[in-house]
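Report on the structure given below.
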Amino acid sequence: MKIMRSRSLRKIFAPATIAAIVGFLIGIATPIRKTFIGDSAPLHVIYSAAELIGNAGIPSITLIVGANLLKGTF
């Protein structure tokens, strides 16, 4: 029974779920948000790096999907 609970918690708290929860908390709490967002924010470097990686995500996923489709036709 304990193993089942552990697996269920691992599925519920997958890395994507944890990241979404942390992002929501940062976005909703004004003092925390002000440390990340803004030109003079102390942690602006982290925010801009995450934004840069996020902007590159869609084109790279498109390339990967295209490569997989091409690989599957031959």
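The values are calculated or read from the model by the stated rules, or taken from the named source; none is laboratory data. Model, not experiment: these values are computed from the prediction. When we count neighbours, we look across all protein chains shown, and the Cβ atoms used for this are built from the backbone with ideal geometry, even at glycine.
Is there a residue being at pLDDT below 85 and surrounded by fewer than 10 Cβ atoms within 10 Å (Cβ to Cβ) anywhere in region 43-61? Checking region 43-61: not a single residue is at pLDDT below 85 and surrounded by fewer than 10 Cβ atoms within 10 Å (Cβ to Cβ). Give the residues of region 8-42 that are surrounded by 12 or more Cβ atoms within 10 Å (Cβ to Cβ) and over 17 Å from the mean Cα position of the chain (by Cα), sorted by residue number. Matches in region 8-42: Ile32, Lys34, Thr35, Gly38, Ala41. Of all the listed residues (Ile58, Ile21, Ile53), the sole one being β-branched (Val, Ile, Thr) and in contact with a Phe, Trp or Tyr (Cβ under 9 Å, 6 or more places away or on another chain) is Ile21.
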